[in-house]
Amino acid sequence: MSYGWPVKPFDEQHPVRGFFCDPRIGAKGSKAFHFGIDVSAPDGTAVYAVAGGTVHFEGAQNVGVVTGGGRSHGYWHIVPRVRHRQKVRKHALLGHIARGWGHVHFADRIEDEYWNPLRAGALTPFRDFGAPVVDRIVAERRGRIVEPGALTGVVNLIAVAHDNPPISAPPPWRGLPVTPALVRWRLVRGGRAVIPWRVAADFRSALRTEFRFHEIYAGGTRQNHPNARGRYRFWLARAWDTRRHRDGRYRLDVEAADIRGNATRGHLELVLRNGDV
Ligand SMILES: [Zn+2]
């Protein structure tokens, strides 16, 4: 069941400065997946229900609307104009963006799971232009980059990738990256995939309970801050034993895609040199 935007105009795309499952890293080191999207709008902007239902507060400035069928929408960081348990209709005024936030955090929940509001058939319209960027692919050992032209033993494989929101938010969030919706990799030798596509991160549908931050985002991952770019380092393979493959030349392909399937690939040439016979 698709729905419009929580700010006016409802039927036009707005800037989104935080994507679903972006890393959220607290000042004290807490790490979590961003469980909604951040729709950029000035403080004081009116926020409306995308669907009718019953108001259920999730915090003093966090309004939920339970729409039935186990579904609810979250509208966070707003000064509420509704009461707990109040029935609201579609497009009812819920409140205004609280001072200092510059966005409404919008979440789409079904039963116990948060879903990507930008998936097809949900928040509409949302067009995505341009593919994500694979910034870098590295082999590391104990956090240090190792020469891919002479790999031995056990290494970690990591890709740095990002996407750019189709409509940029204003400063201080202008031009800051968001996470791709899908990151996957494969290992190719002589035109044949010796390791077929493996998913490193898949944020296209739900934030699954089995997702573990430290198993998807590698150390050195940073979230966006005002005028400071985040950096998204994805685990491809942890403790990958190069001795399980024959010595020789390989190509590591990394693909990053957005929620609409716009995809781009990066490559890293690898040479395994374990001295096998
Ligand atoms: Zn948010």
Pairs with Cβ under 6 Å, 6+ apart, first in segment 107-128 and aromatic (Phe, Trp, Tyr), second within 14 Å of the ligand (Cβ to nearest atom) and outside any strand (DSSP E or B): Tyr114/Phe35; Tyr114/Leu207; Phe126/Leu118
Candidates Ala169, Ala159 - the one that is part of a strand (DSSP E or B), open to solvent by less than 40 Å² (accessible area, probe 1.4 Å) and of a type in the set (A, V, I, L, M): Ala159
Take segment 22-52 and flag every residue that is open to solvent by less than 30 Å² (accessible area, probe 1.4 Å) and in contact with a helix residue (DSSP H, G or I) (Cβ under 8 Å, 6 or more places away or on another chain). Pro23, Phe33
Quick one: in segment 263-277, which of the residues that are under 18 Å from Ile145 (Cα atoms) and open to solvent by 60 Å² or more (accessible area, probe 1.4 Å) is farthest from the chain's Cα centre (by Cα)? Arg273
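Answer yes or no as to whether Gly153 is farther than 24 Å from Gly219 by Cα and either modelled with pLDDT of 95 or more or more than 16 Å from the ligand (Cβ to nearest atom) (or both).
no
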Do you know which residues across segment 231-262 are open to solvent by 10 Å² or more (accessible area, probe 1.4 Å) and not in a strand (DSSP E or B)? Arg243, Arg244, His245, Arg246, Asp247, Ile259, Arg260, Gly261, Asn262
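Pull up segment 103-115, narrow it to residues that are within 13 Å of the ligand (Cβ to nearest atom) and not small (Gly, Ala, Ser), then point me to the one that is most open to solvent (accessible area, probe 1.4 Å).
Residues of segment 103-115 within 13 Å of the ligand (Cβ to nearest atom): 103-108, 114.
Filter again for not small (Gly, Ala, Ser), leaving 103-106, 108, 114.
Values: His103: 11, Val104: 0, His105: 8, Phe106: 0, Asp108: 0, Tyr114: 45 Å².
So, considering only residues that are within 13 Å of the ligand (Cβ to nearest atom) and not small (Gly, Ala, Ser), the one most open to solvent (accessible area, probe 1.4 Å) is Tyr114.
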Does any residue in segment 29-50 that is within 20 Å of Pro165 (Cα to Cα) come within less than 9 Å, Cβ to Cβ, of a residue that is part of a loop (DSSP other than H, G, I, E, B) and among the β-branched types (Val, Ile, Thr) six or more places away or on a different chain, and which pairs are these? His34/Thr179; Val39/Val7; Ser40/Ile167; Ala41/Val7
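Arg186: of a type in the set (D, E, K, R) and in a strand (DSSP E or B), yes or no?
Yes, satisfied.
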Can you work out which of the residues in segment 116-145 that are buried (at least 21 other Cβ atoms within 10 Å of the Cβ) and under 13 Å from Ser205 (Cβ atoms) is nearest to the chain's Cα centre (by Cα)? Asn116
Here is a check on your reading of the model: is Asp38 under 24 Å from the mean Cα position of the chain (by Cα) and more than 12 Å from the ligand (Cβ to nearest atom)? no
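The values are calculated or read from the model by the stated rules, or taken from the named source; none is laboratory data. Since the structure is predicted, the reported quantities are computational estimates derived from the model, not experimental observations. Here the Cβ is made from the backbone with ideal geometry for all residues, glycine too, and neighbour counts use every protein chain on show. Note: areas computed on protein heavy atoms with side chains; ligands, DNA, RNA excluded. Shrake-Rupley method; radii C 1.70, N 1.55, O 1.52, S 1.80 Å.
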